[in-house]
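One structure is given here, and the rest of the page talks about it.
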Amino acid sequence: MDFSAAIEAQLAGYTVRRGRLVWFDFASGPIGVWNGWRNLTLPDGRKFLGMRNLGSIEGIRQPINGATPELLFTVTGVPETFLAKARMEAAEYYNRGVWIYSQFFDADLQPLDSPFVEAFGLMQGLRAKRQSTPEGFVRTVTLTAENPLATTKRRPRNSYMTDTDQKQRFPGDRGAENVAGIEQILIRFP
Amino acid sequence: MALLRYNATLLKPKQLTVPFLKPMLVIGPTAYGGGKQRGAPDVGGWIMDLTLDIVTKDQELAWRGMVTALQGGLNSFVIGVFDDRQAPVQTTLAAIDVKLTSALAEGAVTAAVTVTNGAALKTGMFFSIADRLYQLTTDAAPVAGFTNRFTFKFLPPAREAAASAAVCNFADPTMTAAFADPMTGMLKLGRNYFGESTLQVEEAEYGL
């Protein structure tokens, strides 16, 4: 990913001003939230409600070995509209997109460049919880989302890296002849 | 519905923790070079604590009514910041009048104002626009060619947009707030006669 010179300078420096923005594409209308205090309106007109660090996001990490980690959004002390959507039919959120952006800010707290997408998922499950605390009830909404490619995990493979498959793709090719049993091959050095 | 306004005439604090912009700072680990990167998504919101004596009957009634009406922070209210001592000095008998020279966008941190009947606006002074509290982070700089126009920087970023000629309240700035703790405002009376109570308030996003 290529950052602009201004963002690169900030990342290499002492002070970083960066917020994380989340855009939920609910069927009845999208809702944007971010972890800042104030409401944020981007130049493209999208508005993100400030959650004042009440939310958390888990699962944004580089997939390894083909694993696609589940994205988990937990928002505590949610606004009424968010909770209302959480209680609606699955059609409101199921398999609809959720985007996570990073937005950098300059020294005057103004958006620096456009936000860039960190992760994208399709909403799968959404549950609301109300918990009694000494200070009263706290509402928490947890939403799970999966990488769109996650469904490929359950699909059978079209082909394999075997000698037979390779010769079917490229007749006469010997590149995969030693794949079978390769773990038992002993190579002596020097 | 209009918000309840704190009765500052009747309920003056005896002790005040001046409004403080509670930061949202995240401090990174120490690098090999000894440096620590600091980050934040935003500047945070105001918090304020006050302690006051409740002695007279009117004070007790006003206090109890207010605390009950605010329902532990469910409802927001408007409260002043008791900053008379730091307010700009009046230069005439007429009240200080500060208005925006140009419209203020949501999220802005710089304002241009016209000042009438007031002395210099200094770093650290509070002001409010439509009951949203802000604080100067630079001295007001004069605009070339004008005797009473100035610009300054402030924080937090403008919570909402304001039109040109909107009043900037420097004389008695106010904050839209809510109780930070649902149990705040409890009143214990000595001999059922007088007592002391505290308020912990934080900036509220009511209306935003």
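Using the crude model of +1 on Lys and Arg Cβ and -1 on Asp and Glu Cβ, and no other charge, please compute the dipole size for the protein assembly as shown relative to its Cα centre, in debye to 20.
Dipole about the Cα centre, nearest 20: 560 debye.
Dipole of the stretch B:62-187 computed with +1 at Lys/Arg Cβ and -1 at Asp/Glu Cβ about the Cα centre; of B:Gly72, B:Ala144, B:Val115, farthest Cα towards the positive end is B:Ala144. With bins 5 Å wide beginning at 0, the percent of Cα pairs of the stretch B:1-83 falling in each bin runs 3, 11, 16, 18, 15, 9, 7, 7, 5, 5, 3, 1, 0. Please work out, to two decimal places, the log10 of the ratio I(q)/I(0) at q = 0.27, 0.29 Å⁻¹ from a Debye calculation in which every Cα of the stretch B:122-162 carries one identical scatterer. Evaluating at q = 0.27, 0.29 Å⁻¹ gives log10 I(q)/I(0) of -0.93, -0.99.
In terms of overall dimensions, the C-alpha atoms belonging to the stretch B:162-208 reach 54, 23, 11 Å along their principal axes, ordered largest to smallest. Evaluated over the Cα positions of the stretch B:71-124, the convex hull gives a direction-averaged projected area, one quarter of its surface, of 6.0 nm².
Taking 30 Å as the straight-line reach from the Cα of B:Lys36, the lysines in range (excluding those fewer than 8 positions away in the same chain) are B:Lys22, B:Lys153. Spin-label model, A:Ser159 to B:Thr92: label points 7 Å out along the Cα-to-beta-carbon direction sit 8.8 nm apart.
Rounded, prolate or oblate: pick one for the stretch B:91-199, where a ≥ b ≥ c are the square roots of the eigenvalues of its C-alpha gyration tensor, a/c under 1.5 means rounded, and failing that, prolate if a/b is larger than b/c, else oblate.
Prolate shape, in that a/c is at least 1.5 and a/b is the bigger ratio.
Within the same chain, aspartates and glutamates fewer than 8 places from B:Lys57 are excluded, and of the rest, those with a Cα less than 14 Å from its Cα are B:Glu196. For the protein assembly as shown, the fraction of C-alpha pairs farther apart than 37 angstrom is 41 percent. Along the axis of the charge dipole computed for the protein assembly as shown (Cβ charges of +1 for Lys and Arg, -1 for Asp and Glu, origin at the Cα centre), the listed residues A:Gly13, B:Val201, A:Phe189 are led at the positive end by A:Phe189. Taken about its Cα centre, chain B carries a charge dipole of roughly 280 debye when the Cβ of each Lys and Arg holds +1 and the Cβ of each Asp and Glu holds -1.
The residues of the protein assembly as shown expose, per residue, 57 Å² of accessible area to a 1.4 Å probe.
Looking at the calculated P(r) for the stretch A:1-45, what percent of the C-alpha pair distances fall above 17 Å?
More than 17 Å apart: 53 percent of the Cα pairs in the stretch A:1-45.
Taking θ as phi - 60° and the Karplus parameters 6.51, -1.76 and 1.60, the scalar couplings of the stretch A:29-40 work out to x, x, 10, x, 9, 8, 8, x, 8, 8, 6, 10 Hz in sequence order, x denoting glycine and proline.
Please sort by residue number the chymotrypsin sites (Phe, Trp or Tyr not before Pro) in the stretch B:64-156 whose DSSP state is loop and whose Cβ has at most 15 other Cβ atoms within 10 Å.
Passing sites in the stretch B:64-156 are B:Phe146.
For the stretch A:88-139, the calculated P(r) over all alpha carbon pairs, in 5 Å bins from 0 to the bin holding the longest distance, is 5, 15, 12, 12, 12, 14, 17, 11, 1 percent. Helix B:57-70 and the longest principal axis of the Cα set of chain B meet at an angle near 70°. Eigenvalues of the alpha-carbon gyration tensor of the stretch B:1-154, scaled by 5 and square-rooted, set the equivalent ellipsoid semi-axes at 31, 27, 15 angstrom, largest first. Between A and B, roughly 1900 Å² of accessible area is buried in total, ligands, DNA and RNA not counted and the probe set to 1.4 Å.
In debye to the nearest 20, how big a dipole does the stretch B:49-157 give about its Cα centre with +1 on each Lys and Arg Cβ and -1 on each Asp and Glu Cβ?
Using Cβ point charges on Lys, Arg, Asp and Glu, the stretch B:49-157 gives about 300 debye.
The values are calculated or read from the model by the stated rules, or taken from the named source; none is laboratory data. In this text the structure is predicted, and so the values were computed from the model without any measurement. Reconstructed Cβ throughout: ideal geometry from the backbone, glycine too, with neighbour counts over all protein chains shown. All accessible areas refer to the heavy atoms of the entire protein, side chains included, with ligands and DNA or RNA removed. Shrake-Rupley method; radii C 1.70, N 1.55, O 1.52, S 1.80 Å.
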